[in-house]
Amino acid sequence: MANRLLDHTFALAFRGLVYAQIWEDPEVDMEALQIRPDSRVVAIASGGCNVLSYLVADPASITAVDLNTAHIALNKLKLAAAQTLPDHAQFHRFFAQADSPANIATYRAKLAPLLDEPTRRYWEGRDLIGRRRIGGFSRGIYKRGLLGNFIGVAHLLARLYRIDLARILAAPTLEAQRAVFEAELAPVFDKRFVRWLTDQPASLFGLGIPPAQFDALAGDQRMAQVLRRRLERLACDFPVAENYFAWQAFSRGYARDGQGPLPPYLQRANWQAVRERASRVQVIHANFTEHLATLPDASRDRYVLLDAQDWMTDAQLNALWQEITRTARPGARVLFRTAAQPSLLPGRLAPELLARWRYHARECEGFTARDRSSIYGGVHLYSLIP
């Protein structure tokens, strides 16, 4: 009964805005996917950061699929802005700064008229506490959503324990970053309250960890120690000057001076490419497997599943991969992440299906090590065997 209640609560939590910024590294994605000019990509949409960033690699088309209406609305807003706003400065203000009253005027004058009725209804509607959703772009959209709220709680705990998270972002070297982590952040995970809190499966919903994955992720360790190692990677393994995930975690937004790291779709150097290619993206409100079932055989060749398989039953996994295999063209690649380290397909996917795909074990170790978001146990790549 308790497990069913947790599963139901997790599903309810994921009906609203979850990720204002997606937490998979698009540079790792593009390296793994090897997108080409003839590539036809199908990806779970989530917050849209990676979908728009893939445009930098110049694919033929991208289909962004999601069941979450908030994520569908966010993707459509980003695409409308990329195609309509006159310059990078306004695009950057809207989605990188995301806290200017001028963004609301821009929405009303330039974006709203281009949006379909469901998308306008979402952004002009109100959230659970009565705020108009579009107002998030005048007060910090990255502080909203399930993940934004989770990070906000983490910042509250940091203040209670008198920790200045800004010190990490001000550290000039990796050695200095590690010194701050060891002195200030690491000891928090030994606090009795933090150990108790992180042992509650519901406390990690904001990280996208469903109840079914909680025990697998923890293994025989306290969850506090697992999270400590993940935060250590984020804080210590990559220079903060190159890691926008660290800025989101430790400042709840991107660098205020406009000089800090950004996802590819927000970088000035990529503005023209994103703008010119945005029409190649189609956003579809649907179940991923059911959408694939509508496609012709051998018609797609890049698939991005994020960490959605962590939530699936064996029957759902097999149905998904049956459709992936049917719709895959020669040379197709499938990329996904897992909360725990190993790939979840062996032992769960039908042997005859799994035998059609090659697992790139050595490359996956490198992808996992280079993923700057640092919150996943594994980044996994499979390719269709000729």
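Give me D for the stretch 275-386 in µm² s⁻¹, whole number, from Stokes-Einstein with Rh from the Kirkwood sum over alpha-carbon pairs, 37 °C and 0.692 mPa s.
220
Of T294, T338, T84, the residue with the greatest mean-square motion in the GNM of the chain, using alpha carbon springs below 10 Å, is T294. Of interest is the spacing of the C-alpha centroids, which for the stretch 15-37 and the stretch 235-287 amounts to 10 Å. Estimated from the Cβ-Cβ distance and a Förster radius of 41 angstrom, the FRET efficiency linking R329 and A112 is about 0.60. For the stretch 337-380 versus the stretch 147-167, the spacing of their alpha-carbon centroids is 31 Å. Backbone amide hydrogens, once placed in the peptide plane, bring S299 within less than 5 Å of A328, R329, excluding anything fewer than 5 places away on its chain. Comparing mean-square fluctuations of R256, R233, R40 from a GNM of the chain with C-alpha springs under 10 Å, the top value falls on R256. Calculated [222 nm] ellipticity per residue, helices only, for the chain: -12000 deg cm²/dmol; basis is -39500 (n - 2.57) per DSSP H run with n ≥ 4, divided by all residues, nearest 500.
Note on the chain: with a GNM built from Cα contacts shorter than 10 Å, the maximum mean-square fluctuation among R126, R333, R372 falls on R126.
Translational diffusion of the stretch 6-138, estimated by Stokes-Einstein from the Kirkwood radius over alpha carbon pairs at 25 °C in a medium of 0.890 mPa s, is 155 µm² per second. With the gyration tensor restricted to C-alpha atoms of the stretch 9-82, the semi-axes of the equivalent ellipsoid amount to 23, 13, 10 Å, longest first. The modelled label-to-label distance between A176 and A60, using points 7 Å beyond Cα along the C-beta direction, is 4.9 nm. The DSSP beta bridges internal to the chain are antiparallel in roughly 35% of cases.
Rounded to two decimals, the Cα radius of gyration of the stretch 193-348 over 2.2 N^0.38 Å is 1.28.
For the stretch 153-180, the residues whose amide N sits under 17 Å from a probe point set 7 Å from the Cα of D257 along the beta carbon direction are 166-174, 177. Near the amide H of E24, within less than 5 Å, lie no amide hydrogens of residues on another chain or at least 5 residues away, with H placed in the peptide plane. Label 7 Å along Cα→Cβ of R131; the stretch 143-167 residues with amide nitrogen under 14 Å? Under 14 Å, as judged by backbone N against the label point of R131, lie 143-153 of the stretch 143-167.
A straight chain from E365 to S100 at 0.36 nm per residue would run longer than the Cα-Cα distance by 91.3 nm. Computed with a 1.4 Å probe over protein heavy atoms only, the accessible surface of the chain comes to 44 Å² per residue. For the pair L67 and N287, the difference between a 0.36 nm per residue extended length and the Cα-Cα distance amounts to 78.6 nm.
For the chain, the orientation-averaged shadow of the C-alpha convex hull comes to 19.0 nm² (one quarter of the hull surface).
Placing pseudo-labels 7 Å out from each Cα toward the beta carbon at E31 and Q272 gives an inter-label distance of 2.7 nm.
A straight chain from A89 to A158 at 0.36 nm per residue would run longer than the Cα-Cα distance by 21.5 nm.
For the chain, the share of accessible area belonging to carbon and sulfur comes to 54 percent (1.4 Å probe, ligands and nucleic acids excluded).
The values are calculated or read from the model by the stated rules, or taken from the named source; none is laboratory data. Being a predicted model, the structure only gives us computed values, none of them experimental. Don't worry about glycine lacking a Cβ; one is built from the backbone with ideal geometry, like all the others, and counts go over all protein chains shown. Each accessible area value is taken on the protein alone, full model and side chains, heavy atoms only, with ligands, DNA and RNA left out. Shrake-Rupley method; radii C 1.70, N 1.55, O 1.52, S 1.80 Å.
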